[in-house]
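Okay, structure first, notes after.
Bear in mind these aren't lab numbers, they're just calculated from the coordinates by the rules spelled out. All of these numbers come straight from a predicted model, not from anything done at the bench.
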Amino acid sequence: MVEVMTPSEFNQLVEKTLAQIEQAIEASGADIDFETAAGILELEFGDGSKIIVNRQAATQELWVAAKSGGYHYLWKDGAWRNTRDGSELFASLSRYASEQAEESLELKP
């Protein structure tokens, strides 16, 4: 079930999630630079490619742009879920980052 949140609850959840992604990148040991500004997290890889995670407050979604495409995630059943296939955000980010870093990465919240 999709959870409807107040704007404040949504923003708090997004900030927590972006911080978890940063921590997961650091813990992975991969050579990935990252920067967060105004609710947008940019991950930059050695080849100059990027993954961008940003909030979409109007739809209460997180959007992810990667080499492989653009993806939308809604908070559903206690996790960010892809609106197309239901995949979980961190599992998806692990796959996208692995493709772009050209090494196997497992990102966990």
Q) For residue 58 and residue 40 in one chain, what is 0.36 nm times their gap in residues minus the Cα-Cα distance, to one decimal in nm? A) 5.0 nm
Q: Note the listed values (1) 14.3, 47; (2) 22.3, 75; (3) 13.1, 39, then indicate which one is Rg and Dmax of the Cα atoms in Å calculated from this particular structure.
A: (3)
Q: Starting from the Cα-Cα distance between residue 72 and residue 3, subtract it from 0.36 nm times their residue separation and give me the gain in nm to one decimal.
A: 23.3 nm
Q | Nearest-ten-degree value, helix 89-101 long axis tilted from longest Cα axis of the chain | A | 20
Q. Under the rule of -39500 (n - 2.57) per DSSP H run of 4 or more residues, summed and divided by the residues of the chain, what mean residue ellipticity at 222 nm is obtained, to the nearest 500 deg cm²/dmol?
A. -11000 deg cm²/dmol
